[in-house]
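Data first, discussion second: the structure below is written as structure tokens.
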Amino acid sequence: MASRKEEAAGAAWEGADLDRPILGENPESESLEDARRWVTVYSYLVKLEEELLDMLAGAIPQMPDAAEREAEQTNLPLFASQVERFRHRRDYWAHRRTELEGR
């Protein structure tokens, strides 16, 4: 059984993998409908993570010094990596959609 620390480290590592699909996503799909759907899904996820990142960045200056440092060193990079990953996946599907529309 993995410890909480190991689970958190695993989640952070997976979040940093730009090419990791989410459950149900098939990057090899030949379906234009799939490509459109995944652009939408990832667009929502990008928006959500950007909003959370902005909220966190706004709250950090109000924190005690130790909490501020910890949030800047751990939380901000985690959210930033998720935004980057979701943008990467959205862009992949946008490109895929363009390819499939050109058929």
Taking Cα atoms only, Rg over Rh for the chain with Rh from the Kirkwood formula is 1.09
For the pair MET63 and GLU101, the simple spin-label estimate (label points 7 Å beyond Cα toward Cβ) gives in nm 4.1 nm
Counting Lys and Arg as +1 and Asp and Glu as -1 over every other residue whose Cβ sits under 11 Å from the Cβ of ARG89, the net charge comes to 0
Pseudo-spin-label distance MET55 to LEU18, built 7 Å along Cα→Cβ, given in nm, is 2.8 nm
With 0.36 nm assigned to each residue of separation and the Cα-Cα distance removed, LEU76 to GLU30 gains 13.0 nm
Phi-derived 3J(HN,Hα) across the range 47-59 with the Karplus relation (6.51, -1.76, 1.60, θ = phi - 60°), rounded Hz, x for Gly and Pro, is 4, 4, 5, 5, 5, 5, 4, 4, 4, 5, 4, x, 7
The ³J(HN,Hα) series, computed from each phi in the range 18-25 with the Karplus coefficients 6.51, -1.76 and 1.60 at θ = phi - 60°, rounded to the nearest Hz and given as x for glycine or proline, is 4, 9, 6, x, 8, 3, x, 7
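Any read-out appearing in this document is the output of simple, stated calculations on the displayed coordinates, not a laboratory observation. None of these values were measured; they are calculated from a predicted model. No Cβ is skipped: glycine too gets one built from the backbone with ideal geometry, and neighbour counts run over all protein chains shown.
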